[in-house]
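The values are calculated or read from the model by the stated rules, or taken from the named source; none is laboratory data. Everything numeric here is computed off the predicted structure, so don't read it as measured data. Heads up, the Cβs are rebuilt from the backbone with ideal geometry, glycines too, and the neighbour counts pull from every protein chain shown. What goes into the accessible areas is simple: the full protein's heavy atoms, side chains included, and nothing from ligands, DNA or RNA. Shrake-Rupley method; radii C 1.70, N 1.55, O 1.52, S 1.80 Å.
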Amino acid sequence: MKKVLALASAVSAAALALTAPVGEAKAQSTELTLCWAAWDPANALVELSKDFTAQSGIGMKFEFVPWPNFADRMLNELNSGGKLCDLMIGDSQWIGGGAENGHYVKLNDFFDREGISMDDFAPATVYAYSTWPKGEPNYYALPAMGDANAWFYRKDWFARADLQSEFKAKYGRDLAPPKTQLELKDVAEFFQGREIDGQKRYGAAIFTERGSEGITMGATGALYAWGFKYENTPGKYDMEGAVNSADAVAALEYYKELYKCCTPPGYTDSYMQESLDAFKSGQVAMAMNWFAFFPGLHKDEQVGGDKIGFFVNPGQKVEASTLGGQGISVVSYSDKQEEALQYIKWFAQPDVQKKWWALGGYSCHVAVLNDPSFKESQPFAADFLLAMDGVQDFWQEPAYAELLLAMQKRLHDYIVADQGTAQEALDKLIEDWTETFEDEGKL
């Protein structure tokens, strides 16, 4: 962390550089490398960052890694003290390790000097993307990309008079975006195996992938809706009776039922891309995925426009959504921390944040989110606000990768491989996590 102490002079120099005339700034030959995942919002960020280069004269390079390989590639880079990345848009779960292992520069002094207030960003995103320990005013990232797991559906199918009539006769309510998890299962069962326009369709595309994080990100959408908690007392790691509560067992049983009854054939190892493919090819009536993909889906010539609708993750006992999204951090091993801080300062500006949203990124800035026109700016914007009010995240502990792999195994073994019961899966998960926290000295 010695490099953090050297930032004071660098910060003042960065402030001067940001206000330097464009012609003078362009005399600089510095180039920053920003590392992130390869997906639609990354392309939007490339376009947005052209403004930074025009204003500062600092060039931008980008290292984008496909999601299935993103964590392994970038965590290896950080753990080895690599100098590839000057700026890192790292997953929310990395913040604990980034802070405790010294990978990320602590930004408090920089924020204070530059007048960057965390009050200008949605509280849930500050908590999830920026702070360690959680909720403490220690900031290792600026909220960059708000995201949550939500749903999209074939609005044109839902609107068909014959399907409306049949559904109402069976369930006593209109065929519409579900308000609860149990209603979602009803809709999925209604469409499962149904022939529409000469093709056999299926109910829902959900996450079942085992290798990285997929099945955990999917199943927690149900778990959180039933009130799942990782601990009885935040920060105490007292998991017994929380992780394996009766409600948690019911939620896990539900997610398995949804998988068994209502997904396309062979849907045993599916995540973001498989969900998008299933929907775009017309296989399913509904699909879960991250808000990040919604702008592209809405523009899709085959299934977008008037054919697609969006809804927030349905609650059950509580309203809740699985958190996605990331903060942007300055990598402590970078030799260009001064310029990286300039980028952070530029990115934090309200006008830049508004353009970020317009290009397809998900701003966390309250100047964007609280704008009266925001809810009408996209057909999924209002749902995004609802989701971000009730997001919950996975463990953000430095040992998060080990914790995640344990949950991936226990959930996949039960849901997809039919091994044991939900109660046994959650009991074993507590055993796994207890061992990890003991090794970490947390228990």
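Table: residues versus (1) charged (D, E, K, R); (2) assigned to a strand (DSSP E or B); (3) out of contact with any Phe, Trp or Tyr (no Cβ under 8 Å at 6 or more places or on another chain).
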site: 293; (1), (2), (3): no, no, no
site: 296; (1), (2), (3): no, no, yes
site: 303; (1), (2), (3): no, no, no
site: 309; (1), (2), (3): no, yes, no
site: 327; (1), (2), (3): no, yes, no
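Report whether or not residue 77 is surrounded by 17 or more Cβ atoms within 10 Å (Cβ to Cβ) and among the acidic types (Asp, Glu).
Yes.
Can you tell me which residue within the stretch 310-333, out of those that are surrounded by fewer than 21 Cβ atoms within 10 Å (Cβ to Cβ) and under 21 Å from the mean Cα position of the chain (by Cα), is farthest from residue 40 (Cα to Cα)?
Residue satisfying both the conditions and the ranking: 318.
Looking only at the stretch 146-171, how many residues end up being open to solvent by less than 60 Å² (accessible area, probe 1.4 Å) and either aliphatic (A, V, I, L, M) or over 28 Å from residue 273 (Cβ atoms) (or both)?
Of the residues in that region, 6 qualify.
Any chance the stretch 375-393 includes a residue that's under 30 Å from residue 68 (Cβ atoms), out of contact with any strand residue (DSSP E or B) (no Cβ under 9 Å at 6 or more places or on another chain) and among the small types (Gly, Ala, Ser)?
Yes: one or more hits.
Mind checking which pairs have a first residue in the stretch 430-443 that is under 15 Å from residue 230 (Cα atoms) and a second that is part of a helix (DSSP H, G or I) and among the charged types (D, E, K, R), Cβ under 6 Å, 6 or more apart or different chains?
Within 6 Å, the pairs are 436/402.
Which of the following residues is over 22 Å from the mean Cα position of the chain (by Cα), of a type outside the set (A, V, I, L, M), open to solvent by 20 Å² or more (accessible area, probe 1.4 Å) and assigned by TED's automatic domain parsing to the domain that holds residue 185: 253, 231, 274?
253
Residue under question is residue 390, and the condition is that it be over 22 Å from residue 115 (Cβ atoms), of a type outside the set (Asp, Glu) and in contact with a Pro (Cβ under 7 Å, 6 or more places away or on another chain); does it hold?
no
Would you call residue 141 touching a strand residue (DSSP E or B) at 6+ places or on another chain (Cβ under 7 Å) and either free of Cβ contacts under 8 Å to residues at least 24 places away in the same chain or crowded, with 23+ Cβ neighbours inside 10 Å (or both)?
The answer is yes for residue 141.
Can you tell me which residue within the stretch 98-113, out of those that are open to solvent by less than 40 Å² (accessible area, probe 1.4 Å) and in contact with a Leu (Cβ under 9 Å, 6 or more places away or on another chain), is farthest from residue 323 (Cα to Cα)?
Top of the filtered list is 110.
Closer than 22 Å to residue 32 by Cα and part of a helix (DSSP H, G or I): is that true of residue 352 in this structure?
Spelling it out, residue 352 is indeed closer than 22 Å to residue 32 by Cα and part of a helix (DSSP H, G or I).
Does the stretch 340-353 contain any residue that is in contact with a strand residue (DSSP E or B) (Cβ under 7 Å, 6 or more places away or on another chain), within 20 Å of residue 75 (Cα to Cα), of a type in the set (Val, Ile, Thr) and crowded, with 16+ Cβ neighbours inside 10 Å?
no
How many of the residues making up the stretch 37-47 are more than 19 Å from the chain's Cα centre (by Cα) and either crowded, with 20+ Cβ neighbours inside 10 Å or among the small types (Gly, Ala, Ser) (or both)?
0
Which residue out of 125, 131 is in contact with a Cys (Cβ under 7 Å, 6 or more places away or on another chain), open to solvent by less than 20 Å² (accessible area, probe 1.4 Å) and at pLDDT 95 or above?
After ruling out the rest, the residue left standing is 125.
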